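Laboratory data are not the source of any read-out in this text; all were calculated from the coordinates shown. These numbers come from a predicted model, not from an experiment. Heads up, the Cβs are rebuilt from the backbone with ideal geometry, glycines too, and the neighbour counts pull from every protein chain shown.
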Amino acid sequence: MSLLPVSDALARLLATAKAPQIVETVGLHEGMGRVLARDLAANLTHPAFDNSAMDGYAGRYADFATVGTELTVIGQSAAGHGFSGIVGPGEVVRIFTGAPLPVGADTVLIQEDAETLEKGRIRTTFAPAEGRHIRRRGQDFNAGDVILRRGDVLDAGRLTVAAGMNVPELPVYARPKVAILATGDELLPPGCIPGPDQIIASNTYGVAALARDNGAEVIDLGIVRDDREAIAAAVAKAQAAGAAVLVTLGGASVGDHDLVQSALIASGMELDFWRIAMRPGKPLMVGTLGGMQVLGLPGNPVSSLVCALLFLEPLVRQLSGLPARNRKAVATTVDRLPANDKRQDYVRARLTRDSAGGLSAHVFVRQDSSMMQVFAQSDCLIVRQPYASEVTPGTPCDILLLRDPAI
């Protein structure tokens with residue numbers, strides 16, 4: 001099987017990804033980052049009544065029109081404790097922000113524009129415009145208005161307005177379940193003391209974090225040895241748990257000890273493709289097993305994370321109903337980049353920003369796919385197209401942002 005271009009591989013992967021179907025209800029505190037499954041209409045009008053936008057005095061515009069007018073304070077209106085009387089000519093009510101506008105008043109004179117006199121009287125020092133400093137009933141929204149739409153991603157602002165709409169619970173799409181399976185006789189979980197032929201399994205944690213960050217519920221299937229029956233049993237657990245995606249880490253090639261692909265095929269997986277024209281990450285595997293999509297990531301940590309970024313992130317976001325995340329940017333290379341071969345290359349680099357806001361990419365000398373420290377220190381991946389010519393310092397290049405660059 002020939003190497004598949006990255007863009008073709010991603011298109012084939014996403015073509016089989018279904019839009020989210022399952023809807024669940026969550027409270028407002030659990031709504032952050034979730035995707036609305038239907039339109040939401042307001043259950044009340046906001047503001048519910050005319051109220052003051054400032055601390056001051058509520059009265060009649062006719063009495064405020066002339067500077068120096070003396071007026072009598074007949075009461076007070078505070079938030080939650082309105083004035084029950086009627087404001088007549090020559091009268092005002094002391095009013096506070098958010099308090100109901102008394103009957104008869106049509107304008108608010110802010111307290112800075114009023115001189116306090118004896119015996120409950122004030123004198124105007126400024127003539128406000130008619131209707132000034134009043135929030136009118138329904139100026140934000142009215143009961144029945146559709147404010148939030150299906151597909152909206154809930155954030156702080158949208159959760160605030162949902163609460164203001166008097167909507168205590170939210171219909172959202174269920175998070176797609178992503179099961180992660182690490183394979184290898186050499187692997188041990190963090191915290192163990194490895195033997196001379198063993199290593200600590202690290203890929204699961206970065207891949208799981210990326211999946212969660214893009215809207216997934218993660219099922220950690222742990223580490224299984226290089227044994228077809230053990231792998232098949234773990235795959236069965238993923239299916240029983242209702243996983244939408246099974247991510248395998250390592251063992252997807254066809255060497256004597258790479259048993260994941262054959263175990264999955266024996267379990268009924270339909271292999272779509274494997275081996276991508278990219279570096280790092282060539283031994284990527286994609287298939288389907290019943291209603292579950294299978295994404296086999298390479299075992300090397302950097303290869304695994306780069307493939308997760310390029311393929312798992314857009315897949316999970318599509319299954320979650322989230323919009324595609326745009327990590328693309330342009331930076332100027334500080335270093336020379338040699339001509340590229342037939343594979344699309346993802347070069348780890350650190351970013352700096354100049355005084356004008358432009359980005360400069362500093363390539364790490366070590367690019368081996370096992371170098372976790374280098375990846376952790378990288379701000380971006382420089383994208384080198386197949387057969388790209390040599391790049392000299394100072395040349396603009398396409399990058400994928402891994403994080404916001406330091407300023």
Pick out which of SER267, SER202, SER77 has the largest mean-square fluctuation in a Gaussian network model of the chain, springs linking Cα atoms closer than 10 Å. SER77
Under 13 Å between alpha carbons, and skipping anything fewer than 8 positions from LYS328 in its own chain: which aspartates and glutamates qualify? ASP379, ASP398, ASP404
Residues ARG38 and ASP197, FRET efficiency given R0 of 45 Å [Cβ-Cβ distance, rounded to 0.05]: 0.25
Within the chain, what is the longest stretch that has no chymotrypsin sites (Phe, Trp or Tyr not before Pro) placed in a DSSP loop and near at most 15 other beta-carbon atoms within 10 Å? 127-386
Fewest to most Cβ atoms within 10 Å: HIS81, HIS29, HIS46 sort as HIS29, HIS81, HIS46
Shape call for the range 321-380 from the C-alpha gyration tensor, a ≥ b ≥ c root eigenvalues: rounded (a/c under 1.5), prolate (a/b greater than b/c) or oblate? rounded
Once label points are set 7 Å from the Cα along Cα→Cβ at both THR69 and ALA163, what is their separation, rounded to one decimal in nm? 4.0
If the chain between ALA19 and LEU188 were fully stretched, how many nm would it gain, using 0.36 nm times the residue separation less the Cα-Cα distance? 57.2 nm
For VAL103, list long-range residues whose amide hydrogen, built 1.01 Å from N in the peptide plane, is under 5 Å from its own amide hydrogen. VAL87
Note down the magnitude of the dipole of the range 328-401 about its Cα centre, charges +1 on Lys and Arg C-beta and -1 on Asp and Glu C-beta and zero elsewhere, to the nearest 20 debye. 100
Taking only Cα atoms of the chain, what ratio of Rg to Rh do you get with Rh as the Kirkwood inverse-distance radius? 1.21
Hz values of 3J(HN,Hα) by residue in the range 122-134 - Karplus curve (6.51, -1.76, 1.60), Gly and Pro given as x: 10, 10, 6, 10, 7, 9, x, 5, 4, x, 5, 6, 10
Each residue of the range 273-283 in turn: what ³J(HN,Hα) in whole Hz from Karplus with 6.51, -1.76, 1.60 and θ = phi - 60°, glycine and Pro shown as x? 6, 8, 6, 10, 7, 8, 9, x, x, 4, x
For LEU4, which sequence-distant residues (separation of 5 or more, or a different chain) have an amide H within less than 5 Å of its own amide H, given hydrogens modelled in the peptide plane? ILE276, ALA277
Per 0.36 nm of contour for each residue apart, how much would the distance between VAL365 and ARG123 grow if the chain were fully extended, relative to their Cα-Cα spacing? 79.5 nm
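Which length gain, in nm to one decimal place, applies between LYS328 and ASP398 when the Cα-Cα distance is subtracted from 0.36 nm times their residue separation?
Working: separation 70, 0.36 × 70 = 25.20 nm, distance 0.71 nm.
Extra length available between LYS328 and ASP398 comes to 24.5 nm.
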Kindly provide the trypsin sites (Lys or Arg not before Pro) of the range 193-271 that DSSP labels as loop, not H, G, I, E or B, and whose Cβ sees at most 15 other Cβ atoms within 10 Å. ARG225
Taking 7 Å along the Cα-to-C-beta vector as the label spot, tell me the VAL146-ASP227 distance in nanometres, rounded to one decimal. 5.6
